[in-house]
Amino acid sequence: MGSEETKKHPKTHLQLNPNWAQLQLKVKSNGLNKSSKHTKNPESETHNSILGKRKERLEAESDGSKPSPLTPINDDFSLTDVVAMDCEMVGISQGNKSALGRVSLVNKWGNLIYDEFVRPVERVVDFRTRISGIRPRDLRKAKDFPTVQKKVAELIEGRILVGHALHNDLKALLLTHSKKDLRDTSEYQPFLK
């Protein structure tokens, strides 16, 4: 009989995820108080603090006072003299070896100029989705390694290359780049403090 009641009234017996419940409460409270954004209602302050400092900070920064360093600053998608690269790896062999799974390049304005999934030569045993964001379906129509390697080599040739731990990315691509043209954030002294 309990399962029949659940089928008739599924919402009454399912417990909501606490984050979802808090979001619903916040939406309801914002819907009721459309005329005033910031009320002195202690209940609404509780909802803000429940959502965490990170969420509050994001709301405070989104008022347009400071542009986000992660948002492109213009619509120029051309290949510039400075490009930044990041590669994501997947686990091959017994999961202890890495192979290239995705490569992304942006120009000096932060606009995407190249983004490809790469089909590794060996069988993938660990997609490392939590870190890489790569899922099995992403690699089904991925380009083969030599094609991506050639394209990336063309894009970075003669340009300043920016990234974090670039030696790992270049190693995965089986490429080299002039040391004078590398700007590696993992070796930038002010960031090491």
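Data for the structure
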item	result
Filtered residue count, segment 79-90, keeping only those that are free of Cβ contacts under 8 Å to residues at least 60 places away in the same chain and either closer than 11 Å to residue 123 by Cα or part of a loop (DSSP other than H, G, I, E, B) (or both)	1
Test: residue in segment 160-168 that is farther than 22 Å from residue 70 by Cβ and without any contact (Cβ under 8 Å) to a residue 12 or more places away in the chain	no
The lone exception for residue 66 - which of (1) open to solvent by 60 Å² or more (accessible area, probe 1.4 Å); (2) touching a residue at least 24 places away in the same chain (Cβ under 8 Å) it fails	(2)
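The values are calculated or read from the model by the stated rules, or taken from the named source; none is laboratory data. The structure displayed is predicted, hence computed values, not measured ones. Positions of Cβ are backbone-derived with ideal geometry, glycine not excepted, and every protein chain shown enters the neighbour counts. Surface areas here come from the heavy atoms of the whole protein model, side chains and all, with no ligands, DNA or RNA. Shrake-Rupley method; radii C 1.70, N 1.55, O 1.52, S 1.80 Å.
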